[in-house]
Number of protein chains: 2
Amino acid sequence: MEGVSHEAASFAGHLRLGNLIYLYDDNHISIEGDTALTYSDDVPRRFQAYGWQAFAVDGHDRAAVAAALEQAVAQQERPTLICCRTHIGYGAPRKQDTAHAHGEPLGEEELNAAKQALGWPLEPRFRVPDEVRALFRRRAEELRAEYDAWQAGFRHWAERHPDLAARWREHMEARVPEDLFERLLAAAPREGDATRSLGSKVLQAAAAAVPALVGGSADLDPSTKTRIQSAPSVAPGRFEGRTFHFGVREHGMGAVLNGIALHGGFIPYGSTFLIFSDYMRPPVRLAALAEQQVIYVFTHDSVFLGEDGPTHQPVEQLSGLRAVPHLLVVRPADGPECAAAWTLALRRRRAPTALALTRQKLPALPRADGFDWSLMLRGGYVLAEASPRPRVVLVATGSEVALALEARERLGKGGVPARVVSMLAPQLFLEQDAAYRDAVLPPGVPRVAVEAGVPDYWYQVVGREGLVIGLQRFGASAPYTVIAEKLGFTPEAVAERVRAWLAGAR
Amino acid sequence: MEGVSHEAASFAGHLRLGNLIYLYDDNHISIEGDTALTYSDDVPRRFQAYGWQAFAVDGHDRAAVAAALEQAVAQQERPTLICCRTHIGYGAPRKQDTAHAHGEPLGEEELNAAKQALGWPLEPRFRVPDEVRALFRRRAEELRAEYDAWQAGFRHWAERHPDLAARWREHMEARVPEDLFERLLAAAPREGDATRSLGSKVLQAAAAAVPALVGGSADLDPSTKTRIQSAPSVAPGRFEGRTFHFGVREHGMGAVLNGIALHGGFIPYGSTFLIFSDYMRPPVRLAALAEQQVIYVFTHDSVFLGEDGPTHQPVEQLSGLRAVPHLLVVRPADGPECAAAWTLALRRRRAPTALALTRQKLPALPRADGFDWSLMLRGGYVLAEASPRPRVVLVATGSEVALALEARERLGKGGVPARVVSMLAPQLFLEQDAAYRDAVLPPGVPRVAVEAGVPDYWYQVVGREGLVIGLQRFGASAPYTVIAEKLGFTPEAVAERVRAWLAGAR
């Protein structure tokens, strides 16, 4: 019934995944009772509409299931659905075909009654008949021989084709070169642009450095700019490509990315607008829980996407994603920070990473001579120092970093020296040692966070008494400069709020 | 392609919604190009599998579309899908049938070329032919006459049936009685139990007090306990019921709730486990954005649901939902707080509310004689005072309130007087006037928040230097007492952490 079953099956049918077989345990029971209470689908017909082969069999008839499986294996052009009509709690005299058999243990009495009904001895409680044991032992031996033969064949092949074998191993280890950050930094544009465009250029370099990197977009590639340009697309019967066209299927995309990561041999990424991350929360969470390296590229990352309006403008999504354990959210502010973002994502071997990128153009950020680029990999760093010492620290991410720099100018002219910290990954910054954290955010100096999203997350950085310039409301449809004006995200407005706050509240 | 299209259409087919007609603008174009890039569904067949009537027509043939609509209106037993094959950017010589016509304006030149191709004058730029104007004017007159006749008939009916008319108005105004809180408080059990069970009893009283209240569960009613017991279920051809069986369709449920709210005449609620709120983030957000009164009952609201394990244990969901603008999250701790929670939800006429309820049993909370119950409606209040004055304030929600009370006992015996604040709705508490907030959380007294979820949200309450006893990890599968032990949610562990923190960090 779940929507993702539609997205996944439709995509599998489109790609003609002949190796895919579903066994549908069609027991007519869900938690509230008979599925007929809420469900009247003609399931085989529905899957045929997706281009699948579909059968219905008696799920308790092992020969019928085996025959259907043989037909499924023989069918190489379409996935197969085998609807197995079964009876939940089979044999249990009072609970068979009821919701009780779904959510509760049978209980001692009913269990014994079921065993009797099925002609099964009551003792020993866990009984494995000798013939079953023998059958499984034989099968294990057969499979061991198959496995050994495959491994021998692989070794033979690897000796004859050392180059291909090296590529195979590079994939299976999803290898990332030692000098990845240097390579991405060299490829990162230094001019100003939208971070989706800057990130796209870094992605091309990442794809060259990491052959295991594959991905695609949920029908937004022209906007998210995440196509690997050096390779073709994946299409029915053509799996040598590196770009997937996931369709308007965010939830399905997230699930496919998890499957690719769990299979191994690839580091998968998927892209959509940040607002549509709401459609794929469940698979994002599963990637984090299953400790899988999956990369999300979420563009159009704030109200500054402009005219599409509040339905498309993320406000709570950055805070919401940062709350997922093990999921790192990185919101870079310029080309070099995009290089840092992709480096962090590609080096996190056992956890997913989400990049948040802008639709709108951003100015290039100035950096002091001799700037230590590796500081970006610590999640937050001093971008612009105050002189002689900061009266306030402005902490900002992504598109608000340039804004904070401009506000700093104004504050400085007004006699309020301000430091600007670019905090592309606050979760990572908060994991740094206390000495580094104190060096970036000196204890005792008031802190202001500037991010065009709900402020919740930032109080752990700035303190309850700190100022968060955020948005506790939905956005609006207008050119982004008008939105910035109306919502107080201009250098004048930010500088004025900081001044008033320093003068008053404290 | 989106999964929710499956959930909604399957449910509509099951309920045989003969009044529902979809016109599918089948233009073969999505943002990445031809839909054939990623989509091979046989759409009419898919909808027939849902029990729909389905036609395919030339969408530019108005007579064919009109004929299909007539057949759709005549069909009272099934919803109808009319697949209208169209050409996007029809007539535009270079952009017709391309993705450019989806995401970009045509531009002056292409627009003029399209007008020429269609035999339409270039000037005036916005031209409404006289015959069109006349047609619409005539149609408006016809509809005005129909409307007036309906209103006259309604007045006539209302005069003849004053009782029914009163009920009609009660529904259409979704009236909530003045003394709702008193009625729910009277119905709320005072003994200890799971808040899902306590909430269920309050819901029965709410359903009696508010006839407009209707709802159901996404196939979890035996667990969420949200069935209105005094009325039958909604089923195909039987719409007089008050309980929907939404099936395993959380996203679809959220969308249906929005539809019911927008239609008017009802206050809809939907229930599932808190973890599955992740499946319905998009419609929850839309309810908030569209300012609709929709109520979500999210049970099994923490790792203390136990054996189902981390896939089912919410950790980041409370913080994530509190981040949605206009969505109020209420996490009651006992029967009276469940009455407050339902009162808050039913009184919020232009915004959605989410209730977070436990699976596990909780003890009854003691309250001082003469306790002012209305304080619960302020989102947070002093539940247990320290004597003589608090050295620390423990702020807790839901199942952690009783835990905080026990920790307070231990702290008190150890010479650390502690106040306990139950903060069922922190968003609402933070909106109270400063005098009330300071009375509950005295400035200068250290604060500790206790909630079995990610700590992010709580720093705005306790401060950066405050202590949040939360969970920055996924849960685990075990009986809930074992989980509490292992994750530090016992009175001893909480008291010890508070003591160590008061002694050390400050």
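The values are calculated or read from the model by the stated rules, or taken from the named source; none is laboratory data. What you are looking at is a predicted structure, and each value in this text was computed from that prediction instead of being measured. In this analysis, Cβ positions are derived from the backbone assuming ideal geometry, glycine residues included, and neighbour counts consider all displayed protein chains.
You will find that of A:127, A:137, the residue that is in contact with a Pro (Cβ under 9 Å, 6 or more places away or on another chain) and over 30 Å from residue A:214 (Cβ atoms) is A:127 and no other.
Examine the range B:106-122 for a residue that is touching a residue at least 40 places away in the same chain (Cβ under 8 Å) and either aliphatic (A, V, I, L, M) or closer than 30 Å to residue A:252 by Cα (or both), and state whether such a residue exists. No, every residue in the range B:106-122 fails to be touching a residue at least 40 places away in the same chain (Cβ under 8 Å) and either aliphatic (A, V, I, L, M) or closer than 30 Å to residue A:252 by Cα (or both). Exactly one residue out of A:505, A:476 is modelled with pLDDT under 95, farther than 24 Å from residue A:377 by Cα and either within 14 Å of chain B (Cβ to nearest Cβ) or outside any helix (DSSP H, G or I) (or both), and it is A:505.
Has the range B:260-273 got at least one residue that is out of contact with any Leu (no Cβ under 9 Å at 6 or more places or on another chain) and either over 30 Å from residue B:76 (Cα atoms) or within 14 Å of another protein chain (Cβ to nearest Cβ) (or both)? The answer is no, given that none of the residues of the range B:260-273 is out of contact with any Leu (no Cβ under 9 Å at 6 or more places or on another chain) and either over 30 Å from residue B:76 (Cα atoms) or within 14 Å of another protein chain (Cβ to nearest Cβ) (or both). Scanning for something more than 29 Å from residue B:274 (Cβ to Cβ) and surrounded by 13 or more Cβ atoms within 10 Å (Cβ to Cβ), does the range B:142-159 turn up at least one residue? Looking through the range B:142-159, at least one residue is more than 29 Å from residue B:274 (Cβ to Cβ) and surrounded by 13 or more Cβ atoms within 10 Å (Cβ to Cβ).
Summed over the range B:434-450, residues that are crowded, with 19+ Cβ neighbours inside 10 Å and within 11 Å of chain A (Cβ to nearest Cβ) total 2.
Within the range A:25-37, the set of residues being of a type outside the set (Val, Ile, Thr), within 7 Å of another protein chain (Cβ to nearest Cβ) and either under 25 Å from the mean Cα position of the chain (by Cα) or not in a strand (DSSP E or B) (or both) comprises A:32, A:37. Would you say residue B:279 is over 10 Å from the mean Cα position of the chain (by Cα) and under 30 Å from residue B:489 (Cβ atoms)? Spelling it out, residue B:279 is indeed over 10 Å from the mean Cα position of the chain (by Cα) and under 30 Å from residue B:489 (Cβ atoms). For residue A:493, indicate whether it is hydrophobic (A, V, I, L, M, F, W, C) and not in a loop (DSSP other than H, G, I, E, B). Spelling it out, residue A:493 is indeed hydrophobic (A, V, I, L, M, F, W, C) and not in a loop (DSSP other than H, G, I, E, B).
Looking only at the range B:228-255, count every residue that is surrounded by fewer than 23 Cβ atoms within 10 Å (Cβ to Cβ) and either away from chain A (no Cβ under 12 Å) or within 14 Å of residue A:38 (Cβ to Cβ) (or both) and tell me the total.
The total comes to 16.
Residue B:351 passes every criterion in (1) within 14 Å of residue B:427 (Cβ to Cβ); (2) assigned to a loop (DSSP other than H, G, I, E, B); (3) without any contact (Cβ under 8 Å) to a residue 60 or more places away in the chain apart from (3). Taken residue by residue, the range B:369-384 has at least one member that is of a type outside the set (Asp, Glu), over 29 Å from residue B:267 (Cβ atoms) and crowded, with 23+ Cβ neighbours inside 10 Å. Out of the range B:176-195, which residues are loosely packed, with under 14 Cβ neighbours inside 10 Å and not in a helix (DSSP H, G or I)? Within the range B:176-195, B:177, B:178, B:179, B:190, B:191 meet the criteria. Residue-level analysis places residue A:322 among those that are in contact with a helix residue (DSSP H, G or I) (Cβ under 6 Å, 6 or more places away or on another chain), of a type in the set (Lys, Arg) and within 8 Å of chain B (Cβ to nearest Cβ).
Residues being without any contact (Cβ under 8 Å) to a residue 40 or more places away in the chain, closer than 21 Å to residue B:46 by Cα and within 14 Å of chain B (Cβ to nearest Cβ) are entirely absent from the range A:8-21. Of the conditions (1) away from chain A (no Cβ under 12 Å); (2) at pLDDT 95 or above; (3) under 35 Å from the mean Cα position of the chain (by Cα), residue B:68 fails just one. Which one is it? The failed condition is (3).
You will find that of B:162, B:129, the residue that is over 23 Å from residue B:262 (Cβ atoms) and surrounded by 10 or more Cβ atoms within 10 Å (Cβ to Cβ) is B:129 and no other.
Of all residues being without any contact (Cβ under 8 Å) to a residue 24 or more places away in the chain and of a type in the set (S, T, N, Q) in the range B:451-506, which is surrounded by the fewest Cβ atoms within 10 Å (Cβ to Cβ)? Just the residue, please. Among residues in the range B:451-506 that are without any contact (Cβ under 8 Å) to a residue 24 or more places away in the chain and of a type in the set (S, T, N, Q), the one surrounded by the fewest Cβ atoms within 10 Å (Cβ to Cβ) is B:481.
Considering (1) more than 14 Å from chain A (Cβ to nearest Cβ); (2) surrounded by 23 or more Cβ atoms within 10 Å (Cβ to Cβ); (3) touching a Leu at 6+ places or on another chain (Cβ under 7 Å), the lone condition that residue B:398 does not fulfil carries the number (3). Taken over the range B:64-80, the criterion of being among the polar types (S, T, N, Q) and outside any helix (DSSP H, G or I) is satisfied by B:75, B:76, B:80.
Yes or no, residue by residue, for (1) more than 34 Å from the chain's Cα centre (by Cα); (2) within 14 Å of another protein chain (Cβ to nearest Cβ):
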site	(1), (2)
A:23	no, no
A:39	no, yes
A:72	no, no
A:91	yes, no
A:100	yes, yes
A:112	yes, no
A:129	yes, no
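Per the listing A:389, A:408, A:464, A:419, the residue uniquely at pLDDT below 95, among the basic types (Lys, Arg) and over 22 Å from residue B:458 (Cα atoms) is A:389. Taking the criterion of being part of a helix (DSSP H, G or I) and out of contact with any Pro (no Cβ under 7 Å at 6 or more places or on another chain), the residues of the range B:458-473 that qualify are B:458, B:459, B:460, B:462. Restrict the check to the range A:414-422 and report whether at least one residue is buried (at least 16 other Cβ atoms within 10 Å of the Cβ), within 14 Å of chain B (Cβ to nearest Cβ), small (Gly, Ala, Ser) and in contact (Cβ under 8 Å) with a residue 24 or more places away in the chain. Looking through the range A:414-422, none of the residues is buried (at least 16 other Cβ atoms within 10 Å of the Cβ), within 14 Å of chain B (Cβ to nearest Cβ), small (Gly, Ala, Ser) and in contact (Cβ under 8 Å) with a residue 24 or more places away in the chain. Looking across the range A:65-115, the residues that are of a type in the set (A, V, I, L, M), under 30 Å from residue A:14 (Cβ atoms) and in contact with a helix residue (DSSP H, G or I) (Cβ under 7 Å, 6 or more places away or on another chain) come down to A:81, A:82.
Checking each residue in the range B:49-63 for being assigned to a helix (DSSP H, G or I) and facing chain A (nearest Cβ under 7 Å) picks out only B:49. The numbered conditions (1) surrounded by 22 or more Cβ atoms within 10 Å (Cβ to Cβ); (2) away from chain B (no Cβ under 12 Å); (3) outside any loop (DSSP other than H, G, I, E, B); (4) out of contact with any Ser or Thr (no Cβ under 6 Å at 6 or more places or on another chain) are all true for residue A:390 except (3). Taking the criterion of being assigned to a loop (DSSP other than H, G, I, E, B) and more than 12 Å from chain B (Cβ to nearest Cβ), the residues of the range A:286-319 that qualify are A:292, A:293, A:294, A:300, A:301, A:302, A:306.
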